[in-house]
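These notes are about the structure you will find just below.
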Amino acid sequence: MKYKLLTELLPYLDQFEKKNKQKETNINDFLIWMNGAPKLEQQAPQKSLKSIPLQGGINAQICQLISLLHKYVRFYYRKGFKESYIQTTEDFGFLATLATVGDLRKNELIQKNTSEFTSGMEVIRRLERNELIETFLDENDKRARRVRITDKGRGAFLQALPILQKIGTIATGQLTDLEKQQLVDLLNKLNYFHNPIFHEEKEANLVNIIEDYVQ
């Protein structure tokens, strides 16, 4: 089966669904809409971009590109937050969680940010040293410690928002709105796949993960 026609139809289907979010529609509605839809501009094939050569098969290349993009975002973070108490993406993520969810146990905060326990505790200690969060006893369990954002931390969080908008604008480059939505959909699909493995398969080896989740 050839999928070229289906690929060409997807952008139109995306527009149709966005325009009819609140309506019950069917294939006939889509065909009627297509008759009056303006032709979407076809992007010219891009010339080969000068970049770091990718090695291996398609799966290895995807891993390399995700790793590179992570490094680029961290690079922009350092530029944006060089004069801020917020130093890393993890710092902001922990503050954002406390600002929106409220106080949490330390292990809950680490889990919600999909962090390893050791590195998560380092983030918490760094935020405490900078007085952006504070620790207090859990009223229901005196052995446990909870953390909450301070006024200073809330101020740093709010000041970070416009900086993050600029970082996001740069990080998404020259992607069109449709390309951004397609990328979000693909990344969400990968996140949905990996999240339970990260949280529930701490002791599993790679062979078991492939057998249980991929095959």
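Observations
- Cut-off under 5 Å, modelled amide H: who pairs with Ile133 long-range: Glu128, Thr150
- Region 154-170 - phi-based ³J(HN,Hα) in whole Hz, Karplus 6.51/-1.76/1.60, Gly and Pro as x: 5, x, 5, 4, 5, 5, 6, 4, x, 5, 5, 4, 5, 4, x, 4, 6
- Peptides 60-68, 131-139, 153-161 ordered by average Cβ neighbours within 10 Å, highest first: 153-161, 131-139, 60-68
- Cβ-derived FRET efficiency at R0 30 Å, Arg145 paired with Thr172, nearest 0.05: 0.20
- Difference of contour (0.36 nm per residue) and Cα-Cα distance, Lys82 to Glu122: 12.5 nm
- Scalar couplings 3J(HN,Hα) for region 118-125, obtained by applying the Karplus form with A = 6.51, B = -1.76, C = 1.60 to θ = phi - 60°, are 4, 5, x, 5, 5, 4, 4, 5 Hz; x denotes Gly and Pro.
- Structure note, pairs Lys21/Lys112; Lys21/Lys189; Lys18/Lys189; Lys82/Lys166; Lys18/Lys180: Cα-Cα distances above 26 angstrom occur for Lys21/Lys112.
- Note, ³J(HN,Hα) from phi for region 191-205, Karplus 6.51, -1.76, 1.60, rounded to Hz, x at Gly and Pro: 4, 4, 6, 7, 4, x, 5, 4, 7, 10, 10, 4, 9, 6, 8
- Cα-based equivalent ellipsoid of region 64-194: semi-axis lengths in Å, sorted from largest, via gyration tensor: 29, 18, 13
All of the numbers you see were taken from the coordinates with simple rules; none came from a lab. Not measured: the values here are computed from a predicted model. Heads up, the Cβs are rebuilt from the backbone with ideal geometry, glycines too, and the neighbour counts pull from every protein chain shown.
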